[in-house]
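In what follows, a single structure is set out as C-alpha cells and then discussed.
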C-alpha cells in the first residue's frame with residue numbers, strides 16, 4: 001500500500017489495480033481496513049482507528065483514492081464531491097486515436113445492474129443519468145494514445161463507457177470493447193490527481209499519484 005499524502009484529517013493512497021476501496025463479495029481486505037492497520041501501527045493507537053471512505057475507484061483502475069481520517073472531515077469531503085468541488089483528473093491509455101485531439105463528451109448513461117455495466121446514449125433515455133467529461137490527447141506511443149480526462153460528473157463506469165462510445169475503449173477493458181486483457185488483470189485507467197480546498201484548513205491541496213510501474217505507462221508518459 002502506497003500512501004502519497006497525509007495530514008491530520010486526510011490520507012490518500014495510490015491504489016493498484018488489484019486492490020479494492022471497500023469490502024465486497026470477494027471477501028478481500030479493502031484499502032479502508034488496510035489503512036486502519038497502517039495508522040494504528042504508525043501512531044501506536046490503542047483504540048479504534050477512524051477511516052472514512054469518500055469515493056470509490058473501480059477495482060481494475062489504479063491511482064489516487066482519498067480517505068478521511070476524522071469524522072469532521074468526512075461529511076465535508078462527501079459534500080465537496082457531490083458539489084464538484086474536488087477536481088479529479090484521470091489518465092487513460094487507448095489504442096485508437098480519438099476523433100478530435102480535445103473535446104467534451106456528453107452522453108446519457110443507463111446502468112445495467114446484472115451486467116455491472118453502463119450503456120451510453122446520445123439522447124435522453126428512461127432512468128438515464130447525464131454524463132459529462134472533457135478529454136485531451138496529451139501523449140502517444142507507436143500503438144497507443146494517452147488521454148487526460150477531467151470528470152464533470154461521477155457516473156458508474158463513466159470514463160470507460162464514454163470513451164468506448166466514441167470508439168476508444170481503454171486498453172485491457174474487455175467489458176467495454178478492448179480486444180485483449182492486460183497481464184495484471186487491470187485496465188489502463190489511472191486516477192492521476194486531485195485538486196481541492198482543504199475541508200478544514202481551507203488551504204489549496206493538490207495530490208498526484210505516480211503511474212503504474214510497467215513499460216507502457218513509463219514509455220507513454222516519459223515526456224510529461
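Read the figures in this text as sums done on the coordinates, not as results from a lab. All values derive from a computational prediction rather than experimental measurement. Don't worry about glycine lacking a Cβ; one is built from the backbone with ideal geometry, like all the others, and counts go over all protein chains shown.
Please grab the % of Cα pairs in segment 86-224 that end up more than 27 Å from each other.
That tail contains 23 percent of the Cα-Cα pairs.
When the helix-only estimate is applied to the chain (DSSP H runs of n ≥ 4, each -39,500 (n - 2.57), divided by the residue count), what is the mean residue ellipticity at 222 nm, nearest 500 deg cm²/dmol?
-4500 deg cm²/dmol
Among 22, 158, 203, whose mean-square fluctuation peaks in a Gaussian network model of the chain (Cα, cutoff 10 Å)?
Looking only at 22, 158, 203, the largest GNM fluctuation is found for 203.
Please report the base-10 log of the normalised intensity I(q)/I(0) for segment 111-192, using a Debye sum with one equal scatterer per alpha carbon and no solvent, at each q in 0.26 (1/Å).
Log-scaled intensity ratios, in q order: -1.51.
Highest mean first, what order results for 75-84, 148-157 on Cβ atoms within 10 Å?
Result, highest mean first: 148-157, 75-84.
Taking the simple approach of a point 7 Å from Cα along Cα-to-Cβ for both residue 150 and residue 195, what is their distance in nm?
0.8 nm
Take every DSSP beta bridge with both residues inside the chain and express the antiparallel ones as a percent of the total, to the nearest 5.
Antiparallel bridges: around 95 percent, rounded to the nearest 5.
Calculate the all-directions average of the projected area of segment 1-127's alpha-carbon convex hull, and give it in nm².
10.7 nm²
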